[in-house]
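Working notes, beginning with the structure itself.
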Amino acid sequence: MLERPLRSYGFPCVVLGQDVLAQAILYLDGPGGKIRFLQPGTSPEVRLKKLCPDRTWTPIPLGFREVPYACLTLHEGKACRMLLDTGAAMTRIPLILARDLGLEPSGTGVGRDGTGKMTERPVYPLLNLRLGEWDIDLEVDSGPFGVLGFDVLRRLHVVIDGPGKMLWVAGPAEGESPVLRVVKKRNGGLAPPS
């Protein structure tokens, strides 16, 4: 098992290619700031119980086309296929979906697109992104497709099981609120996990 602090990967984001994600079992301990590659062979339930014994885990099927993706539920029950992107600083929803939901921009954000080019895009308040047992309220970027970014992933315990084609998300600990607020600082960075 290889374990390294996230800052050694260029925190606040961890860029792992789909070639790695498709073949590896990766534990991302966002609150603890660590990433671990796990050995295959142990049943997922046994492995997960050892990682976070005080939490329940929710399996979310992963698809792999050119990149890994999961179908998640947004507010008002709308489903959205979202790429799992450990290198994306901010979660994104498709612009057309933001319009369909009737969301009004709360401002604009500037960031790099997939090619590294700086672009300005509308930012929308999104209430209730459902991820496992979590209800996540956040501001999201918009673009041509949905992306589950590191702004959310760094606050959770997740296992990306490429060979098993599953994203496992640890729920809240006993007494912990299932509502997670991901707040973007106005200077463009992310506020510390709350």
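The values are calculated or read from the model by the stated rules, or taken from the named source; none is laboratory data. A quick note: this is a predicted structure, and the numbers were derived from the prediction, not measured. Every residue, glycine as well, gets a Cβ built from its backbone with ideal geometry; the counts of neighbours run over all protein chains shown. Accessible surface is based on the protein model in full, side chains and every heavy atom, while ligands, DNA and RNA are left aside. Shrake-Rupley method; radii C 1.70, N 1.55, O 1.52, S 1.80 Å.
Of all residues in segment 119-160, which are under 27 Å from Arg47 (Cα atoms), surrounded by fewer than 20 Cβ atoms within 10 Å (Cβ to Cβ) and acidic (Asp, Glu)?
Glu133, Asp135 - these are the residues of segment 119-160 that are under 27 Å from Arg47 (Cα atoms), surrounded by fewer than 20 Cβ atoms within 10 Å (Cβ to Cβ) and acidic (Asp, Glu).
Within segment 141-161, how many residues are part of a strand (DSSP E or B) and at pLDDT 85 or above?
Qualifying residue count, segment 141-161: 8.
Can you name every residue in segment 61-98 that is of a type in the set (Val, Ile, Thr) and closer than 17 Å to Gln18 by Cβ?
Val67, Thr86
Identify, please: which residue in segment 70-126 is of a type in the set (Ser, Thr, Tyr) and touching a residue at least 24 places away in the same chain (Cβ under 8 Å) and is, among those, farthest from Val169 (Cα to Cα)?
Once the filter is applied, the top-ranked residue is Ser106.
Would you point out which residue out of Glu3, Glu66 is open to solvent by 60 Å² or more (accessible area, probe 1.4 Å), of a type outside the set (Val, Ile, Thr), out of contact with any helix residue (DSSP H, G or I) (no Cβ under 8 Å at 6 or more places or on another chain) and at pLDDT below 80?
Just a single option satisfies the conditions, and that option is Glu3.
Quick one: Arg99 ticks every box in (1) in a loop (DSSP other than H, G, I, E, B); (2) open to solvent by 50 Å² or more (accessible area, probe 1.4 Å) except a single one, so which number is it?
Going through the list (1) in a loop (DSSP other than H, G, I, E, B); (2) open to solvent by 50 Å² or more (accessible area, probe 1.4 Å), Arg99 breaks only (1).
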